[in-house]
Amino acid sequence: MQIRSLAVAALAATLGLGAAAVPAQADYPEKPIKLIVPFRAGGGTDGLARAVQAAIDKHDLLPVPFVVVNADGAAGTVGTRQVLTAEPDGYTILQIHQEMFAVSALDRVEYGPADLEPVLQASESCLFVAVPIESQFETLEDFLTFAKENPGKIKQADDIGSATHFPSAQLMQAADAEWAIVPTGGTSKRFASMKGGFTDMALMSTPWLTKGKNDLRPLAVLGSERLDSQPDLATAKELGYDVQGCLTRRYWAPKGTPADRVAYLAEVLEKALQTDEVQAYLKQNSEASVILSGEELQQAVDADYQSFLDVADLVKQTSAKN
Amino acid sequence: MLDIYVYVFTTGLPWILIGTGVGILVGAIPGLSGAVVISLALPTTYFMDGSDALLLLISMYIGATTGGLISATLMRMPGTEAAIMTTLDGYPMAAGGQPARALGLGVLASFIGGLIAWAILAALSPPLSLVAVRFGPYEIFAMTVVALTLIAAVSRGSLLNGLLAAALGALFAMPGIDPSSGMLRLTFGISSLDNGFALLPVILGVLVLGQVLLDCEGPAAKTLERVPGSARIAMRLSDLRDYAGTFVSASVIGSWIGILPGVGGTTASIAAYSVSKAASKNPERFGQGEERGIIAAESANNAGTVGALVPLITLGIPGSVITAILLGAMVIHNLNPGPLLFTENPEIAYTVIAGAFAANVAMLAIMWVATPLLSRLMYVNKFYLFPAIVVFCFIGAFTVSSRFFDIWVMLGFAVLGYVMAKAKVPAGPFIIAYILTPIAETNLRSGLVIYDGSFVPLLTRPVCAAFLALAAVSLIWSLWTELKHARRTPAR
């Protein structure tokens, strides 16, 4: 049986069949694989997880069911803990973005990214600096100069201690300025707060470039390259402020999961991510498909987490002023 | 635009009926909330046409809000969070031998509330959303303070016990992540407490399982005496005339609170109930089966449910958990909800509006048929229902975060609910304070950052000042009536 499936796999490989099932190992997988989404249903993390699940089902990428479980709570830590304590047998995995780095960098939890095994990076969605359309600030330079000359004047709508607070702190550090962070919530609440005239700036996700085009003025994108959809919008780095602010969706397994199983999962997930359906989903949500695995992924994770640790003190300092 | 209504009532009708029916059923079962069922239904809509998917989910949303009144009225257990205020008068009326009347009034009120909010949604969405975003953190904080001071209005018996309950409720809302420092507080190093005490386990514990414990020992578990003819006369047209003021004021209050992002149908119903009691000539009848109490609570929660669609379709801002899921569903179906929806995809905005109308009509039709049957449940020995209710509570608590910790939380709060009832500490103010405290806190602290740590804008911003004045008046008024009451009955 094993020989035959290997032969089929070899055949599929030589024929270059794109979305064919990844050959199963001798004793794995034998039971359903559970993907924990540590946020509620209907959000961005859940959306990608469900799209991947649908692609795995449709293209028979796994011989066993692939189950998505929502374990929402405490900025993703409730679900993450369920993966941390799960058997490292390749049957439980996690999908999360930089929110995990945020809680660790702030010492809100005792674990860190080193306590999990990175499996695969799926997508990247970079934030942009937005001001209300009627704002006096036309450029990032205008904004940062004003912020530097008028300490405490600027109010930024953000979610305190969250993954977007860190790039905000990086921006302050790069510009040698400090401003007030107003606890507001996710991007739609930030939008309402700017539109209501209560805050002056916020980091917004890329879908808001189109959704908010009548109400917001983008000043710079916080990625390493310009966005395909917005070639005229400069990156902060080009403007002289080396700030990276992207949400990167990654899959993780419990520490100690056998390497061959991690590799198997990475292969299945990568195939699912490369299906037309998932690619269409990512495009629709303005997320770039940036797939990384193995050593490359480990380096990206390390660099990313270090950038969070570097500004952790500034994040704490711009919280809890009252 | 008319063709959208035609579509909704023809091709879309099956989805409306399924959605509303399932919503009502789930809403009626404590433990199964609208949010849970909509999350579960979401993946199944991936294979549907985008507007059909929206119709299905919106119908579930509206059905679930209404369904909560069934268990609230017949068993004093709110099937959904928004039905908490309905337990106060719905159950006493039903227990007094008029279950069909109590249900009928609730359904009629839900329909009128939904209808008025729909009219507002259809006619005024874009301008209202602009007013709503100007309603800032301090305004919402001041409004919440009014609702908190009206707690006295819902505490039966001593004001002191009501305040004690409210203080406890506020305390249990504290643990978890501090909204303005992002750090943990009052978790005592227990990592399971990082998320605090979640809403569903608390409500299920205090209001549902606590009630089960009480009923198990009391005479309430025995079969009630059937009152002849009690299954008839569910709704009367004359109600519309007699209670027009309550219907309209509760629906308008409910719609407005629903429109404010992040406040929701429960707060709407708390506010409308309190206002209606304060305006009543016979406030002492509230809590004893007063018709206006049922009308205010149910008109407002349905109006709030529909009102929450205003920021959703005009700005892409979800006001509640369920509208956040609806927003997710729209994104999945490539409907791009946001400030441009009305101008760039008006047909989607109008589908939502038409769907809200159709679901409201479907709800009335389904409940019209079901009320006489449902009212018989009142006479079923509750011991037959308890096992199922307990099972659903366990399922509901587990679904919050897929973990057992929330079940233990629920059981703990069940004991608390039971002890509070024994000590005559009312559960109403407890739950209201538990729900309103986080809203008040986050908005106050946001406001403090925006206004550089100054409280002055609370008095200089006209809307804030008006709300705070109202809060002061209501506080003095409740103290005054309490004193008067105490003087009249010195022996107590």
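Values quoted throughout were computed directly from the atomic coordinates according to the rules given, and no laboratory measurement underlies them. These figures come from a predicted structure and were not determined experimentally. Here Cβ is always computed from backbone atoms with ideal geometry, including for glycine, and neighbour counts include all displayed protein chains.
A few points about this structure:
- Rounded to 5, the percent of DSSP beta bridges in the stretch A:128-244 classed as antiparallel: 55 percent
- Residue-wise HN-Hα couplings along the stretch B:321-332, as the Karplus relation 6.51 cos²θ - 1.76 cosθ + 1.60 with θ = phi - 60° gives them from phi, are 4, 5, 5, 5, 5, 4, 4, x, 5, 5, 4, 4 Hz; Gly and Pro carry x.
- Among B:Gly287, A:Tyr281, B:Pro14 the positive-end extreme of the charge dipole of the protein assembly as shown (Cβ point charges): B:Gly287
- Prolate/oblate/rounded label for the stretch A:128-244 (Cα gyration tensor, a/c 1.5): rounded
- Shape call, the protein assembly as shown: gyration tensor on alpha carbons, a/c limit 1.5: prolate
- Legend: mean number of C-beta atoms from other chains within 10 angstrom of residue C-beta atoms, peptide A:178-190, equals 5.
- Packing-based exposure ordering (other Cβ within 10 Å, fewest first) of B:Ile432, B:Ile62, A:Ile291, A:Ile133: A:Ile133, A:Ile291, B:Ile432, B:Ile62
- Theoretical gain in end-to-end length, B:Cys216 to B:Trp368 [0.36 nm per residue, Cα-Cα removed]: 51.6 nm
- Net charge dipole size for the stretch A:128-244 [Lys, Arg +1 and Asp, Glu -1 on Cβ; Debye, nearest 20]: 440 debye
- Residue-by-residue Karplus 3J(HN,Hα) for the stretch B:240-252, coefficients 6.51, -1.76, 1.60, Hz, glycine and proline x: 4, 6, 4, 10, 3, x, 5, 3, 5, 5, 5, 5, 5
- Whole-Hz ³J(HN,Hα) from phi, Karplus 6.51 cos²θ - 1.76 cosθ + 1.60, for the stretch B:102-111, glycine and proline x: 4, 5, x, 4, x, 5, 4, 5, 4, 5
- Of the peptides A:167-178, B:307-318, the ranking by mean beta-carbon count within 10 Å, highest at the top, reads B:307-318, A:167-178.
- Assuming charge only on the beta carbon of Lys and Arg (+1) and of Asp and Glu (-1), the dipole of chain B about its Cα centre is about 1620 debye to the nearest 20.
- Cα centroid separation - the stretch A:124-167 against the stretch A:267-322, whole Å: 21 Å
- Chain A - share of DSSP beta bridges that are antiparallel (%, nearest 5): 60 percent
- Each of the peptides B:8-14, B:348-354 was scored by the mean count of other Cβ atoms within 10 Å over its residues; in descending order, highest first, they stand as B:348-354, B:8-14.
- For B:400-406, mean number of other protein chain Cβ atoms within 10 Å: 6
- The label-point distance for A:Asp260 and B:Glu482, in a model that sets each label 7 Å from Cα toward Cβ, rounds to 7.2 nm.
- Shielding by partners, peptide A:51-58 (average Cβ within 10 angstrom, other chains): 1
- Loop-located GluC sites (Glu not before Pro) in the stretch A:118-160, at most 16 other Cβ atoms within 10 Å (DSSP): A:Glu134, A:Glu138
- Cβ-based exposure ranking for B:Leu55, A:Leu127, in which fewest neighbours within 10 Å come first: A:Leu127, B:Leu55
- Taking the number of Cβ atoms within 10 Å of each Cβ as an exposure proxy, the fewest-first ranking of B:Val212, B:Val26 is B:Val212, B:Val26.
- Relative to the longest principal axis of the Cα atoms of chain A, the long axis of helix A:294-317 makes an angle of roughly 30 degrees.
- Alpha carbon centroid spacing (whole Å) that separates the stretch B:61-87 from the stretch A:25-85: 33 Å
- Under a 5 Å amide H cut-off, with hydrogens placed 1.01 Å from N, A:Ala220 pairs with A:Val129 among residues at least 5 apart or on other chains.
- Toward the positive end of the charge dipole of chain B, with +1 on the Cβ of Lys and Arg and -1 on the Cβ of Asp and Glu, the farthest Cα among B:Ile366, B:Ile432, B:Leu214 is that of B:Leu214.
- Net charge dipole, the protein assembly as shown: roughly 3840 debye, given to the nearest 20, about the Cα centre with Cβ charges of +1 for Lys and Arg and -1 for Asp and Glu.
- Local electrostatic count, B:Lys281, Cβ distance below 13 Å [Lys/Arg +1, Asp/Glu -1]: +1
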